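Notes follow the structure.
The values are calculated or read from the model by the stated rules, or taken from the named source; none is laboratory data. Keep in mind the model is a prediction, meaning the values are calculated, not measured. Positions of Cβ are backbone-derived with ideal geometry, glycine not excepted, and every protein chain shown enters the neighbour counts. Heads up: the accessible areas ignore ligands, DNA and RNA and are worked out on the full protein's heavy atoms, side chains in. Shrake-Rupley method; radii C 1.70, N 1.55, O 1.52, S 1.80 Å.
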Amino acid sequence: MGKKGKAFRIMTHVQKPIILREGHNSLIDLATLRTAHHIWKERDIYVLQLGELFEVIHPHILYAPEFAILKEKFIEERCRRQEEVLRGNWVYYPWSGVLLHTVSEEEHFTLITNRNRDIITKEEQAQLRNFRVGIVGLSVGSNIASALAYGGIASTMRLAEFDSLETTNLNRIRARIDQVGVSKAAVVAQQLYEANPYMQIECFTEGLTKESISRFMRGDPKPQLIFEIMDSFEMKIHLRILAKKERIPVIMVTNLGDRLLMDIERYDLNPDTEFFNGRAGSIPADLLKNPDITIHDKHRYAVLLAGGEKNVPERVLASVRTIGTRLVGRPQLGSTVTVSGGIGAYFTRKIALHEELSGGSWLVDFDEVFNVESKFSISKPSPMDSEKRLVAFIDSEITLHTVDVLGHRLRYAKYGSGTPIILLHGGTFGWGAWYANIKELGIHHTVYALDLPGAGNSSSLDYKTMDFQNDFVNVVTAFLRALECECSVVGHSFGAWIAVHVARKIPVRSMVLVDPVGFSTHATFSDLMIAQYSIAKIISKTALRTNNNDIGLEGLLRSAFRNRETVLPDAFLKYFNDTMKRHHNLLFISRLVAQRKKLFFNDDKIVFSCPTRILWGVHDPITPIAHSQDSLKKIYNARIELFPQSGHVPQIEQSEEFNNSVIEFLNKC
């Protein structure tokens, strides 16, 4: 319900349709109606509806060869003219001048509720039809009234609203522009009658007042449910006092931007239910003692009744604070108001059919419901969703880019400023493998963290036929050349192998190799099993699809750590899981193991073309340093630094020490 003090109101009287009924009125009555009233438009839908009715009554012969003949015969018999007898009903709408020839009330109800069956049974629909509802406040309540009427629910309604329609109401009230200035109650009643002319609607165009509230709540027939969506805090209290005495449940709807608060107060089940489900505190008593409250108090009470600022979006709070300065009224979104209509109809069904529905409060946050991680989501999350969340976790200043390089779509993250460094992950982790390093490294350098082909959000690869040189070394080399500057490269695991080969093709400023691949051909029995591509494929589609941490994706990740209980942020775990589901890491590893001899640095003397540091986790279970000793002895110009508390991923396991070591080394180069 809106503001008081309108300068004018075009119409407050609520007209009802005039109905001439088959079996009660005659053709003479129809002729009299045509003479006595302005008929601006006449619509005859009787024959069309009879055709629908025949289909609804006889669904079992819908596809029978004789169906069309039987349908035509049914219509002919129903339309056969008899002297002075009406066939079907005639409905006249005085506000529009439309005269409508239609089916009887019972047939109309059969047709408008047919598509509810058997979600709602015939017996349940009859109960719902006879249920009585009162709605106070029609800016929001109009959508609830409409949802009920179109659902064949509550053919008897009471509507209370003192306000007339304004143009600014049209963002949430279904009405015509020419109805501006008309009583909202009249506008809504007309819509309901136009959907179902047989409804019994009583309108309180003065709204709910101390003088009218008793008649609204107690008048015959007494409503069995009240929807309360009005602004007057004093009348909210008086309504609940009477609802408690009459044992009538009350549903309050509060629209909060893209959130919807639904309160159900079951005074019918428990008369001792606290007002506003206990959120009001001393407000009811204070208001009854002193109903003349300030605008500031109204806004404060509104926030309290919504459950406090935690339930109210910041934009809504900010808008409330500017009412009277920048805004003339509390903003409401039509989309949220429309949703409230559907939920209101659902609650009405539950109460009318005596189904389980306890009193309480429900906050429906659209952003929470329609989140890919919501329990309501049944879709497969996109890796890009978790990628954005990881960016927000690290630093929102990270920018994401996609480029085409040698036929591959390459994704990369960019952050920081200074001399550029390229981060090359291992396996199919994606650039997120560097989540613990990017921010620190970005203080001193411009960081380019790549998703290698077949990883993260870069284009996929056929792991069975991938070529290490063409699909990786050449692609990274081309990416570096496009930067047109000399970069440092930090590579982890297979990324370290790529870094070495890139440095042999183009000038590189410096290089850091982390637990690198290529310095050993050792393989365990398990490795040799995984090297069988068919076995790796089966495992990747079965065991690695489970949620079991021991054999699932997270278990695979943690198996590379010295401490499997290492705390990992949820944003990274979600990113990792989504990435692994898109790119089969085990299939990639299968190819690495199978081709390990081709990846081996079989040089008699290993000399790097740029300053190089090798960082290695002492407890690395993937590329154990113990198996690489012979190769490491061949290295002439690189320092090896060990991380005693790390496995295969020291950039995560000992991130602080790792970052310090890399920054110290790169600053010297």
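The residue list Phe376, Phe347 contains one member that is out of contact with any Phe, Trp or Tyr (no Cβ under 7 Å at 6 or more places or on another chain), exposed (fewer than 12 other Cβ atoms within 10 Å of the Cβ) and hydrophobic (A, V, I, L, M, F, W, C), which is Phe376. In segment 594-622, the residues that are under 21 Å from Pro644 (Cβ atoms) form Cβ pairs under 6 Å with partners that are in a strand (DSSP E or B) and open to solvent by 60 Å² or more (accessible area, probe 1.4 Å), at six or more places apart or across chains, as follows: Arg613/Arg639; Ile614/Ile640; Trp616/Leu642; Val618/Leu642.
Tally the residues that are without any contact (Cβ under 8 Å) to a residue 40 or more places away in the chain, in contact with a Leu (Cβ under 7 Å, 6 or more places away or on another chain) and surrounded by fewer than 23 Cβ atoms within 10 Å (Cβ to Cβ), restricting the search to segment 417-433. Give the derivation first.
Going residue by residue through segment 417-433, those that are without any contact (Cβ under 8 Å) to a residue 40 or more places away in the chain are 417-418, 431.
If we keep only those that are in contact with a Leu (Cβ under 7 Å, 6 or more places away or on another chain) too, we end up with 431.
Still in the running and surrounded by fewer than 23 Cβ atoms within 10 Å (Cβ to Cβ): none.
Selection size over segment 417-433: 0.
Selection over segment 503-528 of residues that are in contact with a helix residue (DSSP H, G or I) (Cβ under 7 Å, 6 or more places away or on another chain), open to solvent by less than 60 Å² (accessible area, probe 1.4 Å), at pLDDT below 95 and not in a loop (DSSP other than H, G, I, E, B) gives a count of 1. Here Ala436 clears all of (1) farther than 22 Å from Leu483 by Cβ; (2) at pLDDT below 95; (3) open to solvent by 10 Å² or more (accessible area, probe 1.4 Å); (4) of a type in the set (Gly, Ala, Ser) except the condition numbered (2). For segment 123-134, the candidate set comprises residues that are open to solvent by 10 Å² or more (accessible area, probe 1.4 Å) and not in a helix (DSSP H, G or I); within that set, the residue that is nearest to Val250 (Cα to Cα) is Arg132.
Pairs meeting the criteria (first residue in segment 107-131 and among the aromatic types (Phe, Trp, Tyr), second residue in a helix (DSSP H, G or I) and open to solvent by less than 40 Å² (accessible area, probe 1.4 Å), beta carbons under 6 Å, at least 6 apart or on different chains) are Phe131/Ala352.
Need the failing condition index for Glu265 against (1) farther than 27 Å from Val316 by Cβ; (2) buried (at least 17 other Cβ atoms within 10 Å of the Cβ), just the number. That leaves (1) as the condition not met. Does segment 235-246 include one or more residues that are more than 30 Å from Val369 (Cα to Cα), in a loop (DSSP other than H, G, I, E, B) and more than 32 Å from the chain's Cα centre (by Cα)? No, segment 235-246 contains no residue that is more than 30 Å from Val369 (Cα to Cα), in a loop (DSSP other than H, G, I, E, B) and more than 32 Å from the chain's Cα centre (by Cα).
Consider Phe468 carefully, then state whether it is touching a Ser or Thr at 6+ places or on another chain (Cβ under 9 Å) and open to solvent by 10 Å² or more (accessible area, probe 1.4 Å). No; evaluated as a whole, the condition is false for this residue.
Condition check for Tyr301 on (1) open to solvent by less than 50 Å² (accessible area, probe 1.4 Å); (2) at pLDDT below 85; (3) outside any helix (DSSP H, G or I): one failure, at (3).
One residue stands out among those in segment 76-105 that are of a type in the set (Lys, Arg) and open to solvent by 60 Å² or more (accessible area, probe 1.4 Å): the one that is nearest to the chain's Cα centre (by Cα), which is Arg80.
One residue is enough: does segment 378-387 have a residue meeting the conditions over 30 Å from Ile119 (Cβ atoms), of a type in the set (D, E, K, R), assigned to a strand (DSSP E or B) and touching a residue at least 24 places away in the same chain (Cβ under 8 Å)?
No, segment 378-387 contains no residue that is over 30 Å from Ile119 (Cβ atoms), of a type in the set (D, E, K, R), assigned to a strand (DSSP E or B) and touching a residue at least 24 places away in the same chain (Cβ under 8 Å).
Selection over segment 351-362 of residues that are open to solvent by 70 Å² or more (accessible area, probe 1.4 Å) and touching a residue at least 40 places away in the same chain (Cβ under 8 Å) gives a count of 2.
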